[in-house]
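Read the structure below first, then the notes.
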Amino acid sequence: MGPSATVEVAVALPLPGTFHYRADDPLAGHVRPGHALLVPFGPRRVTGYAVAVGGPPPEGVTLKPVLRLLLDEPVFPESMLAFYRFVSEYYHHPLGDVIRASLPAGVREETRRRVRLAEGAVPPGDDAEVRALLDHLRARGPTSAEALAGLGIPGPVLARASRGGLVVAEQHTTRAALAVRTERLYALTEPARVVRERFARPGPVRDRLIDYVGRFAPVPASTLGREFPGAARILKELEEKGLARVTEREACAHAGSPDAPLGSAPEDPPDLTPAQRHAVQEIASALAARDGRALLLYGVTGSGKTEVYLDAARRALEAGGGALVLVPEIALTPQLVGRFRARFREDLGVLHSGLTPRQRFEEWRKIREGRARIAIGARSAVFAPVRDLRLVVVDEEHDGSYKQDDGLRYSARDLALVRARREGAACVLGSATPSLESFRHAEAGRFTLLRLPDRPRGRPMPVTQVVDLRGVAKGGRDDPGRWIGAELRAALAEIREAGEQAILLLNRRGFATAVVCTTCGGSFRCTECDVALTYHGRRHALICHFCGLRRALPDRCPSCDGATLDLLGRGTERIEEELLKIFPGLRVDRMDQDTTRTRDAHREILERFASGQVDVLVGTQMISKGHDFPSVTLVGVLHADAALYLPDFRAAERTFQLLTQVSGRAGRGEKPGRVLVQAFNPHHYAIRHALAHDFEGFYRREARLREAMVYPPFGRMAVLRLEGPDERATEAAARRLGERLRDATRALTLDGSARGVRLLGPTPAPLYRLEGRYRWLLTLRAPDHRAVQALLRIADPAVRDEAKGGIRGAVDVDPQALM
C-alpha cells in the first residue's frame, strides 16, 4: 500500500463534531479541504466534506478509508470554511449539516442498509420476533434497517435472522451524486464541398447535414439529431471515414422558466433620479473601499430600488468581481431575473427550489467556475460560490422568509451581512418597510442609510381608504358580498370598465376556514394538530394546512347525524368564486400555495397577469411584494387585521409590512392607484401608519413598545424547542431542561458572562400539537447576543441530552416566529 493521509471530515448528517478517515493512494495526493467524499459511517455510506488534510491520526484509533471523491474538484473553497464554522457555532448546528445545506443535492451521495428475504427462508417456530420480521418482508418487500427499527424490529432481531441465513442485508443507494454531463460537438476535417465528394452517391439529408456542420461548426450532436433524420448514422459514417472531428464539452441544463422575463426590461439603463444617483454613488464608494460596509436602501414602493441594484451590479462586474442578489421567495424570482437578464445577458446564475436537481447542480457549477458572475436566488443562495464577491443585495430584507424554520435555522439576511463583511463586499439591504432591527442599526450608524422618498417621474403614491368591516360583514353567510364590501365592488366595476387590473389580498387559502354543525356545534379538527381543518371546494376535502391530513367532507355531521353543516370564514378559493358570482365574465386568477404546486406555476400565473389575460389576481402574501404591473390601479385588502392578534411580538410589524407592500402594487404605471383596506380594527396604529405610507411613524411607536419589553432590536432572543409523541414524556423533558438551564443561568450571572439573561418557560407552544407531536418552548432573552450565546453553549448539549425516546430538540437563535 502506498502512502496515506489523515482527513478530518464533517459528515452530512445532523451530528456534532468531525470524524477522521484515512485517504489511501492515489487519493492521498489528491484530496484537499473542500472535497466532497463518500465515507463509511456505521452500516451506511454517506457524504462527508474534507475540512482538513494531513497531521497525525488520533491515537489508538483505526481509521476507516475514504471510499472515493464525489467530484474531482473541491465543492467549496477553503476560504469558505471559516464562514461555515461561524454559521455552525452561531446557530449551534453541526458543521457537516451546515455544509450540506449550502450545496446542491447533486453533490451528495448516500447509501442505507436494506434488508430482504433470503431465497427459501423458512420462518423458525421458536422465535416470534424473527417470524414477525419475515412476515413484514414477505408483505412489504425490502426495507431499510432504520425503517424496521421504527416498526419495533431492533438490530438484535436482524442479527439473529441474518445468522440463520433467513435475510440478506445489502447496501442500497438512496441518493446518488450527479455526474457532470458532456455533449459531443462535430466539425468537418475538410471543406463541406470536399466532404460531400467523398461519397459515391449523393444523399439529400446527409449533404444538408454536411453543409450545416460546415457553416456552424462546432455543432452539438443533439442539435443535429433534432434537425436531421438519421443524424446518428450519418455522423458515425463521417467519423469512420475521418471526415468529422469530434470534441466534447460540458452540457448545460438551462434554468428554464425562471430565466424567462416577464415583459421586457430596457436594454439600456434609464436616467436615474437624484435620490437614485446619490444611492449608487454611496454604493460605489463602498465597493471601492472593500470594507464590508452595510447600506440600508429605504425607498417607498415603486421608487426604483431594482434600478439601484442593477447599477451596483454593473459596477461590481466592471471592477472584476461578482455579485449575489437574494430574494425572499421563488415568486419574486422570474421578474427580477428578467430585469437582470435583459441587462447582463448570460452572466447570470439562478438558484432556488423551483429548479430541478440537475438544473440547480449545473447553475451552481456555472457560478462556482466563474461562468456566471451574478447569482440570483432565494434564501439558500446566500451560500452561492460567487468568485471575488464584491456586492451582496438582499431585496425585501424585512421578509420573514429569509429565516429557515427547520433544520439549520439560519437567517439569510444576517448571514449575507456576515459574508459580505468577511469578503470585503458591499452589502445593500433594500426595503420599503425595513425591519426594526435594520432601521435601528441605521439610526445607530452601523448601516449607511440611503433614502428613495419618491416614485420616478413624479408618480404619486396610491390613494388609500379604510373600510370598517364591522359595518360591511353583516350579510348572511351565503351573501357573496359579505367579504367584498360595497366600496370594493364599486371600485372593481370601475377598473373593469376602464380595462385596468386589480389585486385582492386575503392571507388565507382554501374555501372555508372551518366547517361547523349548527345543530350540535361540532367541528372538524385535525387529529394530528391543534387546528381546524380548512375546506377546499375544488377538491371537496377538509385539509390541515400544517400536516397535510385530508378527509372527505361528509354529507352529515358525524357527531349528531345532522345535515346542517355550515362553511365558516373565507379563503382565497372562496373569494375567487364570489367574484365570479358578483361579476360574471370577470377574468380572475388565483395565486396561493394551492395553485403554485407545479414547477412553473408561479411564472405562468404572473405571465398571464402581466400580459393582460387576467383582470383580477386574488392571492395570499406571495402577491404582495416585488411585482411590478403597470396596469394595476386597484388593490383591495379583504381582512387587514387578521394577523394582529397572533401571540407573536412581531404581529404589528408584519401587518404593517404586508399592507404597505401590497398597497405599493397600485399605481406603478401612468395611471394613479387606489387602495381599499377592510378591517375590523381600522384604528390600530399598524393599519393607520400603513395607509399613511408612514414607516418612520410606525417605527417610533413600535420601537417604544419593544424597548420597554427588551424585545429585538433592543435585546436578543433564542428559543429552545422540544417536541415528542408522548405528552407526559415531552413535558417532563422540557421541565428537566428548564431546571438545568436555570442553574446555569444563575451561575453565569454570578460570574458576569450572562448578565441580564432571562429564561422563560418551559411553556406549551401556542400550536401545542403539530403533526402528532406535543411541543414545548423555553425562551432566552438578554440585552445582547453575547449573553444569549454564553447560555446557549450550555443549552445546546442539554437539548441533545433530552432528545431521545422519540423526542426531538432544536435551538432557534434570533427566532422570527414563536408559534
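How would you order 775-786, 657-668, 233-244 from highest to lowest mean count of nearby Cβ atoms within 10 Å?
657-668, 775-786, 233-244
Nothing charged except the Cβ atoms of Lys and Arg (+1) and of Asp and Glu (-1): what's the magnitude of the dipole of the chain about its Cα centre? Round to the nearest 20 debye.
Here the size comes out at about 440 debye.
Can you compute the FRET efficiency between L580 and E129 using 1/(1 + (r/R0)^6), with r the Cβ-Cβ distance and R0 = 60 Å? Round to the nearest 0.05.
The computed FRET efficiency comes out at 0.50.
Among (i) 1.16; (ii) 0.99; (iii) 1.08, only one was calculated for this model; which label is it, if the read-out is Cα Rg over 2.2 N^0.38 Å?
Only one option fits the structure, namely (iii).
Could you compute the net charge surrounding A679? Neighbours are other residues with a C-beta less than 14 Å from the C-beta of A679; K and R count +1, D and E count -1.
After counting each charged neighbour, the total is -1.
Accessible area per residue, 1.4 Å probe, Å², for the chain: what's the number?
Computed with neighbouring chains in place, this is 43 Å² per residue.
As I understand it, the dipole of the chain uses +1 on the Cβ of Lys and Arg and -1 on the Cβ of Asp and Glu, about the Cα centre. Which of A733, S4, A708 lies farthest toward its positive end?
About the Cα centre, the residue reaching furthest to the positive side is S4.
Among the aspartates and glutamates, which have Cα under 19 Å from the Cα of K241 when same-chain residues fewer than 8 positions away are ignored?
The reachable aspartates and glutamates, counting only those whose Cα sits under 19 Å from K241, are E190, E197, D207, D211.
Expressed as a rounded percentage, what relative contact order does the chain have, with Cα pairs under 8 Å and six or more residues apart?
Relative contact order, the chain: 9 percent.
Counting only helical runs of four or more DSSP H residues, what would the 222 nm mean residue ellipticity of the chain come to if each run contributes -39,500 (n - 2.57) and the total is spread over all its residues?
Only helices count here, giving -10000 deg cm²/dmol.
Exactly which trypsin sites (Lys or Arg not before Pro) in the stretch 683-759 are in a DSSP loop and have at most 15 other Cβ atoms within 10 Å?
The qualifying sites are R755.
Roughly to the nearest percent, how much of the accessible area of the stretch 563-711 is carbon and sulfur, given a 1.4 Å probe?
52 percent
Please report Rg (one decimal) and Dmax (integer) in Å for the Cα set of the stretch 361-409.
My reading of the Cα-based Rg and Dmax gives 12.2, 33 Å.
For the stretch 521-644, just run the numbers: alpha carbon Rg, then divide by 2.2 N^0.38 Å, N being how many residues it has.
Output field value: 1.24.
Could you let me know the centre-to-centre spacing of the stretch 735-804 and the stretch 625-689, using Cα atoms, in angstrom?
Distance between centres, Cα-based: 36 Å.
Using a probe of 1.4 angstrom, how much of the accessible area of the stretch 52-153 is carbon and sulfur, in percent?
Whole-percent figure for carbon plus sulfur exposure: 50.
Please label the shape of the stretch 599-700 as rounded, prolate or oblate, based on the square roots a ≥ b ≥ c of the eigenvalues of the alpha-carbon gyration tensor (a/c under 1.5 means rounded; beyond that, a/b larger than b/c means prolate, else oblate).
Cα axes put the stretch 599-700 in the prolate bin.
Would you work out the Kirkwood radius for the stretch 636-688? I mean one over the mean of 1/r across all pairs of different Cα atoms, in Å.
11.7 Å
Can you figure out the FRET efficiency of A289 with E707, using R₀ = 25 Å and their beta-carbon distance, to the nearest 0.05?
E(calc), rounded to 0.05, equals 0.15.
When we measure straight from the Cα of K403, which lysines land under 25 angstrom away, once same-chain ones fewer than 8 places off are left out?
Result set, ordered by chain and number: K305, K625.
The values are calculated or read from the model by the stated rules, or taken from the named source; none is laboratory data. Here the structure is a predicted model, which is why all the values come from computation and not from measurement. Reconstructed Cβ throughout: ideal geometry from the backbone, glycine too, with neighbour counts over all protein chains shown. Accessible surface is based on the protein model in full, side chains and every heavy atom, while ligands, DNA and RNA are left aside. Shrake-Rupley method; radii C 1.70, N 1.55, O 1.52, S 1.80 Å.
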